[in-house]
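Working notes, structure below.
The values are calculated or read from the model by the stated rules, or taken from the named source; none is laboratory data. This is a predicted model, so every value here is computed, not measured. With ideal geometry, Cβ positions are generated from the backbone for all residues, glycine too; neighbour counts draw on all protein chains shown.
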Amino acid sequence: MNPTTAAPVGGVIPQGYNIVLEMYQAPKQIGSLYVPEEKHTRETMATQLGKVIAMGPDCFWNVDASKPYRRGTARCKVGDTVLIRSYTGTRYLHEEKEYRIIADDVVEAIVHDPASIRRAE
């Protein structure tokens, strides 16, 4: 296994240049106020933060060239929290957690303090 990969989640092993993210859940309560279920669901679907769980073997490589070369240094690694665009990727649920499969070039930034970030409305 490539050193950038991890154990598959729910039998899902990313292929090629794909990355599996465990998406952060929107809070169900803010202070003493409970967030309505519809708003919570909408915010969870639109979340932009995810933790890198696994990476395909070709992440950050140019596989179209006759000899592979780096497209650039890896922008993230397993365990990093990353920022992506809302609604990006293929969504799936496993044990009530949302995961997404995204392409390696979709990663916008690495986030060092996820608790300080929230989606702009």
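A few comments on the model shown:
- Among the residues of the range 80-113, those identified as farther than 12 Å from residue 49 by Cβ, aliphatic (A, V, I, L, M) and over 8 Å from the mean Cα position of the chain (by Cα) are 93, 103, 106.
- Members of the range 18-55 found to be within 13 Å of residue 97 (Cα to Cα), assigned to a strand (DSSP E or B) and in contact (Cβ under 8 Å) with a residue 40 or more places away in the chain, listed by number: 20, 21, 22, 23, 50, 53
- Output for the range 11-32, where each listed residue is modelled with pLDDT of 85 or more and either more than 25 Å from residue 105 (Cβ to Cβ) or of a type in the set (D, E, K, R) (or both): 22, 32
- Residue selected from the range 44-93 under the condition in contact with a Leu (Cβ under 8 Å, 6 or more places away or on another chain) and over 21 Å from residue 15 (Cβ atoms), by the criterion modelled with the lowest pLDDT: 48
- For the range 81-107, the set of residues classified as assigned to a loop (DSSP other than H, G, I, E, B) and free of Cβ contacts under 8 Å to residues at least 40 places away in the same chain consists of 85, 88, 96, listed by residue number.
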